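*Asks:* Here it is, the structure, as structure tokens.
Rule-based calculations on the coordinates, nothing more; no lab input. Only a predicted model underlies this, so the values are computations on that prediction, with no experimental measurement involved.
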Ligand code: DX5
Ligand code: ZN
């Protein structure tokens, strides 16, 4: 099992963002998780394509853009141009989910679909094989530093079962990412439920030694034996 750790820059020092993304890359991060909020789909306002383009030269690892915006399609090409590698969106925010997935992939990015705590997995019924990533939210989107919602674990397990079935026919890997309230203390049980990619904002950027925190998370992941 390949596990990936994706620090969310939502909890970084925005006044020193270039240094902050470089620092987590040096500390062993696999992806940069980039939270885009529009004060419309979610009650907070963050960063857009200009900031994505500005941090791009500071890191070699992929930029994992999490769009919490409505509408979605208008802004997707801007992020592709700004150097995003993965673009994920919420199905409730797009009137044409299949079209949005196609748009992201045509632009050469990996496409992800994001599930809020109360969003049903039925959105995967006609999309899963076209996706590169499924992102399960373990908090309601909008803010960093919230508590992990325990009911996400059963949902992650169900997504894992669906991905294991779909990956063969899809012909490409489908990642299972989880976002919200992840810390060294709960990362192993989230992995046991079936996740392979872990977003952590406050748990990494809220500590002094990013490398030690990421190493601690990896050590906990190293001890995971997944249920069959
Ligand atoms: C929440 C964002 C998350 C957030 C996670 O809406 O999508 O990526 O940064 O923050 P933590 O890890 O602090 O829960
Ligand atoms: Zn996020």
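*Asks:* Can you tell me how much longer the chain between residue 51 and residue 98 gets when fully stretched, taken as 0.36 nm per residue apart minus their C-alpha distance, in nm with one decimal?
*Replies:* Details: separation 47, 0.36 × 47 = 16.92 nm, distance 2.73 nm.
Working it through step by step, the gained length comes to 14.2 nm.
*Asks:* To continue, here is another question. Stokes-Einstein D for the range 63-110 at 10 °C, 1.306 mPa s, Kirkwood Rh over Cα pairs, in µm²/s?
*Replies:* Numbers: Rh = 10.4 Å.
Translational D for this selection: 153 µm²/s.
*Asks:* Also, I was wondering about something else. When DSSP beta bridges are limited to those with both residues in the chain, what percentage is antiparallel, rounded to the nearest 5? Don't skip to the answer; put the middle values down first.
*Replies:* Values: 1 of 32 bridges.
Bridges in the chain that DSSP calls antiparallel: roughly 5 percent.
*Asks:* If you don't mind, another one. Can you give the Kirkwood hydrodynamic radius for the range 74-164, in Å, rounded to one decimal and based on Cα pairs? Spell out each step's value before the answer.
*Replies:* Numbers: mean 1/r = 0.0721 Å⁻¹.
Its Kirkwood hydrodynamic radius stands at 13.9 Å.
*Asks:* Oh, and also: Using C-alpha positions alone, give me the convex hull volume of the range 185-228 per residue in cubic angstrom. Don't skip to the end; give the middle numbers.
*Replies:* Numbers: hull volume 2.8 nm³, N = 44.
Spelled out: Cα convex hull of the range 185-228, divided by residues, is 63 Å³.
*Asks:* If you take the Cα Rg of the range 1-123 and divide it by 2.2 N^0.38 Å, with N the number of residues, what do you get?
*Replies:* Details: Rg = 14.2 Å, N = 123, 2.2 N^0.38 = 13.7 Å.
Rg over 2.2 N^0.38 Å, computed on Cα atoms: 1.03.
*Asks:* Along the principal axes of its C-alpha atoms, what lengths does the chain span, in descending order and rounded to whole Å?
*Replies:* Answer, in whole Å and largest first: 43, 42, 31 Å.
*Asks:* Which Rg and Dmax, in Å, describe the Cα atoms of the range 19-59?
*Replies:* Taking only Cα atoms of the range 19-59, I get Rg and Dmax of 12.0, 35 Å.
*Asks:* Could you grab the Rg to Rh ratio for the range 114-214? Cα atoms only, Kirkwood for Rh. Display every interim value, and only then the final one.
*Replies:* Values: Rg = 14.0 Å, Rh = 14.1 Å.
My calculation puts Rg/Rh at 0.99.
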